[in-house]
Amino acid sequence: MSDTGAAAAIDAAGGAETPAAPPAVTVAGIFWVFLYIGATSFGGALPYLRTHLVSRQRWLDDPTFVQLLSISQSLPGLNTTNMAVLVGDRLRGTWGAAVALLGMCLPSMLIMTEVAVLYGRHGERPLVTALLHGVAAAAVGLILATTVQLGRKSLQGVGDMVFVALAVVAVHRFKVSIPLVLLGVGALGVWWYRPRRGAQGAADS
């Protein structure tokens, strides 16, 4: 059954559950995709995560990616490893989460061990310092590009823009912790997007 047919069957049954992962998504496939992301995500993994999971593999859409990213940011640990666990679990349960985490962390563990040794020996050289400054700037650009792409597809109306502004001001101006900001803005979102009685009555009629 195609993805469209599965979605239609769920709609016809009146269910609201998310469709199961396509049969083509195997545990081995999850491992290799996250291994590739972990090995090639130089300068920041979030842009690579979106490119592979949303644009290439089509395992997630942008709204779902943003939802999982919000959850990963509200939990302890690195966003990228949290995302790997959440996505792997969504696709193939516990085994999917385990292999996604392994694939994501294995390349960086091996590479960073070698880089740490090299940096300890050559980190003070001017050429190395200049290289690191350039890579840092490029990483910021990658994150900004991903933010713009997600914002175009996820932000709707003035309310969302207000929530963005509140989050930025709370974190950068008042130094509020990210979990508290997410909880606070989330609570405002529940209130803002709550079903209105007038709209509900019009829909029922």
Checklist line | Packing rank of 125-138, 26-39, 181-194, where each peptide gets the mean count of other beta carbons within 10 Å, highest leading | finding: 26-39, 181-194, 125-138
Notebook entry, point to check: Just in region 96-205: which trypsin sites (Lys or Arg not before Pro) are loop by DSSP and have at most 12 other Cβ atoms within 10 Å?
Noted result: Arg173, Lys175, Arg196
Checklist line | Cα centroid separation - region 133-188 against region 48-75, whole Å | finding: 15 Å
Margin query: If you take every residue apart from Ile30 with its C-beta less than 15 Å away from the C-beta of Ile30, what net charge results, scoring Lys and Arg +1 and Asp and Glu -1?
Written below: +3
Checklist line | Net charge contributed by nearby residues that have their C-beta within less than 14 Å of Ala167 (K/R +1, D/E -1) | finding: +1
Margin query: Taking R0 as 41 Å, what FRET efficiency do you get between Ala39 and Thr129 from their Cβ-Cβ distance, rounded to the nearest 0.05?
Written below: 0.95
Note to self: Give me the one-decimal nm value for the distance between modelled label points at Leu102 and Val190, 7 Å along each residue's Cα-to-Cβ direction.
What the structure shows: 3.8 nm
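Each value in this text was obtained by applying a stated rule to the coordinates, not by laboratory testing. Since this is a predicted model, take the numbers as computed values, not measurements. Because the Cβ atoms are built from the backbone with ideal geometry, glycine has one as well, and the counts that use them run over all protein chains shown.
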